[in-house]
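Okay, structure first, notes after.
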Amino acid sequence: MDSPDSSFYSRPTKVVARELLGKTLVRLIVNTMGQLTRISGIIVETEAYGFRDDPASHAYRGLTLRNNAMFGGIGRAYVYFTYGNHFCVNVTARSHEIKAGAVLIRALQPLEGIDLMKCFRKTDNLLSLTSGPGKVTQALNITRALNEEDMTNIKSKLHIEFGIDVFDIVTTRRIGITRALDKTWRFVVGHGEPTGYLNRYASRKQIKV
DNA sequence: TCGATGATTGAG
DNA sequence: TCAATCATCGAA
């Protein structure tokens, strides 16, 4: 078993969000030579989004066309388009008594296929490659076509594999939302000091670390 | 149908 | 600090 199975995702969404840190997000693509290649990174930042208890969640008001994946099978991808520019990728996860839930993957430590990431991102700046939810999807070429992909299957074009143990985990408020600001459902690998990214939000938006 | 909004990013 | 940019959703 190389990949967390459905039992991993059938737990409270914020528990899964925390434990996804250190796992590997893997994108399988066919290159120009017709060979299967891997683009991957260690998950270093996540956020949990819930159901009726979470006004910031897409699932808060119930099932819609967009959020269908959040109500469907667990361990699936929930990919959505936002701000007219960007895709964001989640993994669906929730305990049995909850009807919807997903974990937003906000940042990676680039691991495999870094040249391809640079190509998709149109930049050589390593620090800017996957340091944000819109950057992650761009670097891994994740679009709506991968919505509801089975993330527990190592053969899937988009899936999650076991990775490394992480020890320093920071918990903060979630980024870029206007509601449910009290919930500390964001999880970041590190000591709390500045990756430039964490620092950007910590200083400008007064995120409690 | 229509207007407001957004789980963002990059440039100034 | 701000514009880009458009799919989605709830209200009309």
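What follows draws every value from the coordinates through simple rules; no lab data is involved. Values in this document were obtained by computation on a predicted structure and should not be read as measured data. Don't worry about glycine lacking a Cβ; one is built from the backbone with ideal geometry, like all the others, and counts go over all protein chains shown.
Please state the charge dipole magnitude for the stretch A:10-157, taken about the Cα centre, from unit charges on C-beta atoms (+1 on K and R, -1 on D and E), reported in debye and rounded to the nearest 20.
Working: 20 positive and 12 negative charges, 32 e Å.
It comes to approximately 160 debye.
Using only alpha-carbon positions, what ratio does the radius of gyration of chain A give when scaled by 2.2 N^0.38 Å? Don't skip to the answer; put the middle values down first.
Details: Rg = 16.0 Å, N = 209, 2.2 N^0.38 = 16.8 Å.
Normalised Cα radius of gyration, chain A: 0.95.
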Counting Lys and Arg as +1 and Asp and Glu as -1 over every other residue whose Cβ sits under 14 Å from the Cβ of residue A:91, the net charge comes to 0
Net charge near residue A:19, counting Lys/Arg +1 and Asp/Glu -1 over other residues with Cβ under 12 Å of its Cβ? +3
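If neighbour count is taken as other Cβ atoms inside 10 Å, put A:103, A:44 in order from fewest to most.
Details: A:103 28, A:44 24.
Fewest-to-most Cβ neighbours within 10 Å comes out as A:44, A:103.
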Rank these for me by crowding, A:18, A:38, going from fewest to most other beta carbons within 10 Å. A:38, A:18
Please report, in cubic angstrom per residue, the volume enclosed by the convex hull of the alpha-carbon atoms of the stretch A:14-94. 130
May I ask you to evaluate 6.51 cos²θ - 1.76 cosθ + 1.60, the Karplus curve with θ = phi - 60°, for each residue of the stretch A:144-155 and list the ³J(HN,Hα) values in order in whole Hz, giving x for glycine and proline? 3, 4, 9, 4, 6, 4, 6, 7, 8, 9, 5, 8
Using modelled backbone amide H atoms (1.01 Å from N, in-plane), which distant-in-sequence or interchain residues come within less than 5 Å of residue A:158's amide H? A:28
Per residue of the stretch A:94-106, what does 6.51 cos²θ - 1.76 cosθ + 1.60 with θ = phi - 60° give for ³J(HN,Hα)? Whole Hz please, x for Gly and Pro, Karplus curve as stated. 5, 6, 5, 7, 9, 8, 8, x, 7, 10, 6, 8, 9
What list do you get for A:164, A:43 if you sort them by fewest beta carbons within 10 Å? A:164, A:43
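Is it possible to state the helix-based mean residue ellipticity at 222 nm for chain A, with each DSSP H run of 4+ residues giving -39500 (n - 2.57), the sum divided by total residues, to the nearest 500 deg cm²/dmol? What is it? Kindly include the intermediate steps, with their values, before the conclusion.
Working: 6 runs with 39 residues, N = 209.
Result for chain A, helices only: -4500 deg cm²/dmol.
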List the residues whose amide H sits under 5 Å from the amide H of residue A:78, counting only those 5 or more places along or on another chain, with H placed 1.01 Å from N in the peptide plane. A:90, A:91, A:92, A:148
